[in-house]
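Working notes, structure below.
The values are calculated or read from the model by the stated rules, or taken from the named source; none is laboratory data. What you are looking at is a predicted structure, and each value in this text was computed from that prediction instead of being measured. Using ideal geometry, Cβ is built from the backbone for each residue, glycine included, and neighbour counts are taken over all protein chains shown. The protein model used for the area step is the full one, side chains on, heavy atoms only, and it has no ligands, DNA or RNA in it. Shrake-Rupley method; radii C 1.70, N 1.55, O 1.52, S 1.80 Å.
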Amino acid sequence: MEALTVRGGYRLEGEIPIHGAKNSALPLLAATLLVEGCSEIHNCPHLSDVDASMAILRHLGCGVTRQDTTVTVDATAPSRAQIPDNLMREMRSSIVFLGAIVARFGQATLTYPGGCELGPRPIDLHLSALRRLGVTVEECHGTIRCRVEKELRGAEITLGFPSVGATENVLLAACTAMGTTVLRNAAREPEIQDLCRFLNHCGAHISDDGCGTLVIEGVPRLQGVAHAVMPDRIEAATYLAAAAVTGGKIALTSCAPETVSSVFPLLEQAGCVITRPQPNRIHMLAPSRLRKMGTVRTMPYPGFPTDAAAPLLAAACVAEGTTVFVENIFENRYRYVDELARMGARIQVDGRVAVVEGVPRLQGASVACTDLRGGAALVVAALAAGGETTVTALHHLDRGYDDLVGCLQGVGARIRRQ
Ligand code: UD1
């Protein structure tokens, strides 16, 4: 069994280059299916979720190659409108292929995405939005069969919640539909904006009022372009948390500071000094001991991102005073807290609320990742802990952190994988 071994207590200092964003790369790869030709997606991170997306595209009959961080997809002649259960289960976000498959083939068959470690993640919003666009959806024993009688047609759709995945599915299905789609209460995450940039570059007509309304005028077809995936704001937040717990001094390069800005006030409240000397750099100097961060409430963008809460919570474990986290997006996001407790963290969880009472020091222990961001929290905590921590169940981390070990070693962390 592979494990990370972390010897804590070393101050992080130096530069970390930020990779392309997982949550942008996945919908972008799904979007390449709409293009009747070749797309080049640059700055694509090396992640198991990206591999899973490439496997789905190959299964659908696309030519897919990767050279370093560039993935080229030839969707000239895809041949299958169906995703098998094993590929659906591999990655929850395989559901973003639904809109693209329906748009390209007029039909789609897939199964429910695999069970999720963050509590129930229904897809009702995805399906009801697709129905509004003229898709007939039949659900039977876990299989979802979608058909378009004549053609996809634009519609007025209001999402009950600004779901990221449902917004992406509507965008993918509506780009080449007949007529105009108006999507209200759409997600405003930067990854949605990245997807819109790609689609518009391919010839789509999407306008965004910046307040949650997207207007998509259908066009007959899209053509292939080259596009670079935006920088990963959650990876950036994770490395800021990692540097913060060690009293470190860090520079993040090739990042997009404005997309991480909702995380800055908390770190500043904890005593960190953050500057943005250039449009694509973040510099942070942390105090020798962090202070409490008040109350952290996760919200849809531009609020504090749910995915950044776990690494920040790990930092709060060694801060002076008590920090409260309120999770407003997912029901069950605190499974990693029991693992942090093994390291001596003092955390009380009640439903969506976690109260973190900072302790002067954590101790190394054997811990296992429970999910992607929870796994990142364990690594952050391990960097601050006395002695050695062993982290297992690394497949969770491999979904979302490209070269985690190399990035942390590069700034002085004592971390190994074996
Ligand atoms: C995406 C991100 C994930 C992030 C999340 C919230 C990707 C690949 N993943 O996930 O990292 O944590 O946004 O920022 O981009 N919901 C429903 N019905 C639906 C759809 C969603 O009830 O049909 C609920 C979910 O259960 C959840 C909430 O809405 O409680 C948010 O989900 P959503 O925004 O859809 O997240 P994902 O797209 O799954």
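Which residue out of Ala377, Ala354, Ala309 is away from the ligand (no atom under 13 Å from the Cβ), crowded, with 16+ Cβ neighbours inside 10 Å, aliphatic (A, V, I, L, M) and part of a helix (DSSP H, G or I)?
Details: Ala354 fails: part of a helix (DSSP H, G or I); Ala309 fails: away from the ligand (no atom under 13 Å from the Cβ).
After applying the criteria, what remains is Ala377.
Of (1) farther than 18 Å from Phe105 by Cβ; (2) among the small types (Gly, Ala, Ser); (3) away from the ligand (no atom under 15 Å from the Cβ); (4) crowded, with 19+ Cβ neighbours inside 10 Å, Ala187 satisfies all except one. Which?
Against the list (1) farther than 18 Å from Phe105 by Cβ; (2) among the small types (Gly, Ala, Ser); (3) away from the ligand (no atom under 15 Å from the Cβ); (4) crowded, with 19+ Cβ neighbours inside 10 Å, Ala187 comes up short only on (3).
Right, Cys211: touching a helix residue (DSSP H, G or I) at 6+ places or on another chain (Cβ under 7 Å), more than 21 Å from Gly20 (Cβ to Cβ) and either within 16 Å of the ligand (Cβ to nearest atom) or without any contact (Cβ under 8 Å) to a residue 40 or more places away in the chain (or both) or not? I'd like the intermediate steps shown before the answer.
Working: touching a helix residue (DSSP H, G or I) at 6+ places or on another chain (Cβ under 7 Å): no; more than 21 Å from Gly20 (Cβ to Cβ): yes; either within 16 Å of the ligand (Cβ to nearest atom) or without any contact (Cβ under 8 Å) to a residue 40 or more places away in the chain (or both): yes.
So Cys211 fails the test.
Which of the residues spanning region 23-50 are within 15 Å of the ligand (Cβ to nearest atom), open to solvent by 10 Å² or more (accessible area, probe 1.4 Å) and farther than 23 Å from Ala103 by Cα?
Scanning region 23-50 gives a single hit, Ser48.
Test Ala256 against the stated conditions and say whether it is more than 19 Å from Ala413 (Cβ to Cβ), surrounded by fewer than 16 Cβ atoms within 10 Å (Cβ to Cβ) and in contact (Cβ under 8 Å) with a residue 24 or more places away in the chain. It would help to see each step written out before you state the result.
Details: more than 19 Å from Ala413 (Cβ to Cβ): yes; surrounded by fewer than 16 Cβ atoms within 10 Å (Cβ to Cβ): no; in contact (Cβ under 8 Å) with a residue 24 or more places away in the chain: yes.
So Ala256 fails the test.
Taking Ala341 and the conditions (1) open to solvent by 20 Å² or more (accessible area, probe 1.4 Å); (2) at pLDDT 95 or above; (3) not in a helix (DSSP H, G or I), which numbered condition does it fall short on, given that it satisfies the others?
(3)
If Thr238 satisfies every condition in (1) among the polar types (S, T, N, Q); (2) within 20 Å of the chain's Cα centre (by Cα); (3) open to solvent by 20 Å² or more (accessible area, probe 1.4 Å) but one, which is the exception?
Unmet for Thr238, out of (1) among the polar types (S, T, N, Q); (2) within 20 Å of the chain's Cα centre (by Cα); (3) open to solvent by 20 Å² or more (accessible area, probe 1.4 Å): (3).
Please go through (1) away from the ligand (no atom under 16 Å from the Cβ); (2) in a loop (DSSP other than H, G, I, E, B) for Ile206 and return the number of the only condition it doesn't satisfy.
Every listed condition holds for Ile206 apart from (2).
If you take the residues in region 148-170 that are of a type in the set (A, V, I, L, M, F, W, C), farther than 12 Å from Val102 by Cα and open to solvent by less than 70 Å² (accessible area, probe 1.4 Å), which one is farthest from the ligand (Cβ to nearest atom)?
The first filter runs over region 148-170 and keeps only residues of a type in the set (A, V, I, L, M, F, W, C), leaving 148, 152, 155, 157, 159, 161, 164, 166, 170.
From the residues that got through so far, the ones that are farther than 12 Å from Val102 by Cα too are 155, 157, 159, 161, 164, 166.
Among the residues that remain, those that are also open to solvent by less than 70 Å² (accessible area, probe 1.4 Å) are: 155, 157, 159, 164, 166.
Working: Ala155: 17, Ile157: 13, Leu159: 9, Val164: 4, Ala166: 5 Å.
By that ranking, first place goes to Ala155.
The rows are residues; the columns are (1) over 23 Å from the mean Cα position of the chain (by Cα); (2) free of Cβ contacts under 8 Å to residues at least 24 places away in the same chain.
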| position | (1), (2) |
| --- | --- |
| Arg333 | no, no |
| Val349 | yes, yes |
| Gln363 | yes, no |
| Ala377 | no, no |
| Gly410 | yes, no |
| Ala413 | yes, no |
| Arg417 | yes, no |
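Return yes or no: is Gly400 touching a His at 6+ places or on another chain (Cβ under 8 Å), surrounded by 24 or more Cβ atoms within 10 Å (Cβ to Cβ) and at pLDDT 95 or above? Break it down stepwise before answering.
On the way: touching a His at 6+ places or on another chain (Cβ under 8 Å): no; surrounded by 24 or more Cβ atoms within 10 Å (Cβ to Cβ): yes; at pLDDT 95 or above: yes.
No: the conditions fail for Gly400.
Can you tell me which residue is surrounded by the most Cβ atoms within 10 Å (Cβ to Cβ) among those in region 312-338 that are assigned to a strand (DSSP E or B) and away from the ligand (no atom under 16 Å from the Cβ)? Steps first, please.
Of the residues in region 312-338, the ones assigned to a strand (DSSP E or B) are 320, 322-326.
With away from the ligand (no atom under 16 Å from the Cβ) added as a condition, the list becomes 320, 322-324.
On the way: Glu320: 14, Thr322: 16, Thr323: 26, Val324: 16.
The selected residue is Thr323.
Is it true that some residue in region 294-306 is surrounded by fewer than 24 Cβ atoms within 10 Å (Cβ to Cβ), in contact with a His (Cβ under 8 Å, 6 or more places away or on another chain) and among the polar types (S, T, N, Q)?
no
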